[in-house]
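All remarks here apply to the structure that follows.
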Amino acid sequence: MTRDDFQARTGVSRETLDGFDRWRQILVETSAHTNLVARSSLDHFWERHALDSFQLMPLVSRETRLVADLGAGAGFPGIALALGFRDRGQAARVVMIDSVGKKVAFLRKVIDELGLDAEARSVRVETLDPAEGFDLVTARAFAPLNKLLGYTAPLLKNGAEGLFFKGRQYQDELTEARKSWTVDPEVIPSQTSDGVILRIKEVERVR
């Protein structure tokens, strides 16, 4: 997939496309000395990272104002969402959480250079305060579902919706998670892989 293919699939503006491309360039430059993503994936940025992340945008309510992206890494999907919100004129802020300092430094560089309504925090996800009022929580390649629900249950119970990327073995993760949690996600097939996106609105710990 090329830059132009990505624009054709998403319909983003030229300005937003330039933002994605600059993000890609910073990622390539940084990866020369800092391991942020698998080097082999850089050649497939537009599909494996950009489109894979951006596919969340049609699933996100236009009423969303505050997003938590857990284990944000190199910004997938957090940076893509921040670019997407600006593209559709939505006043939403993305808070990207990662405990690894070098990843947070990278995210802050991209946020500053692209002028995004976003922030990167070098904290552990369990320290997030539900009272901040998150509307949406996302995670991509962060933790098994059982553990992920443990982290996000306080946010989900406070009104947030979860959109979680999972691979082809998601059923196994769901079976394991249901030993501890009552959860009934909407399963949305991924546009870029044989994985899925799990949309979760309610969760309760099994008593």
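Structure values in brief
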read-out	value
Residue among ALA105, ALA120, ALA32 with the largest mean-square fluctuation in a Gaussian network model of the chain, springs linking Cα atoms under 10 Å	ALA32
Solvent-accessible surface ranking, highest first, for LYS179, LYS102 at 1.4 angstrom	LYS179, LYS102
ASN158 versus ARG14: modelled label distance in nm, points set 7 Å from Cα along the beta carbon direction	4.3 nm
The stretch 73-159, relative contact order [Cα under 8 Å, separation at least 6], %	27 percent
ARG93 paired with GLU186, simple spin-label distance in nm, labels 7 Å along Cα-to-beta-carbon	2.7 nm
With every protein chain in place, the chain: carbon and sulfur % of accessible area (1.4 Å)	45 percent
Surface accessible to a 1.4 Å probe, per residue, for the residues of the stretch 95-205, Å²	49 Å²
Residue of LEU149, LEU51, LEU36 that the Gaussian network model of the chain assigns the largest fluctuation, springs spanning Cα pairs under 10 Å	LEU36
Percent antiparallel among DSSP beta bridges (both partners in the chain, rounded to 5)	40 percent
Length released on extending from ASP5 to ARG207, taking residue separation times 0.36 nm less the Cα-Cα span	67.8 nm
Per-pair calculated FRET efficiency, R0 = 30 Å: SER61 and ALA32 via Cβ, rounded to 0.05	0.20
Stretch gain in nm, segment THR175-ASP112, where the contour uses 0.36 nm per residue and the Cα spacing is subtracted	18.6 nm
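The values are calculated or read from the model by the stated rules, or taken from the named source; none is laboratory data. Please read these numbers as outputs of a predicted model, since none were measured by experiment. Every residue, glycine among them, receives a Cβ derived from its backbone with ideal geometry; neighbour counts consider all protein chains shown. Surface accessibility is based on the protein's heavy atoms, side chains included, excluding ligands, DNA and RNA. Shrake-Rupley method; radii C 1.70, N 1.55, O 1.52, S 1.80 Å.
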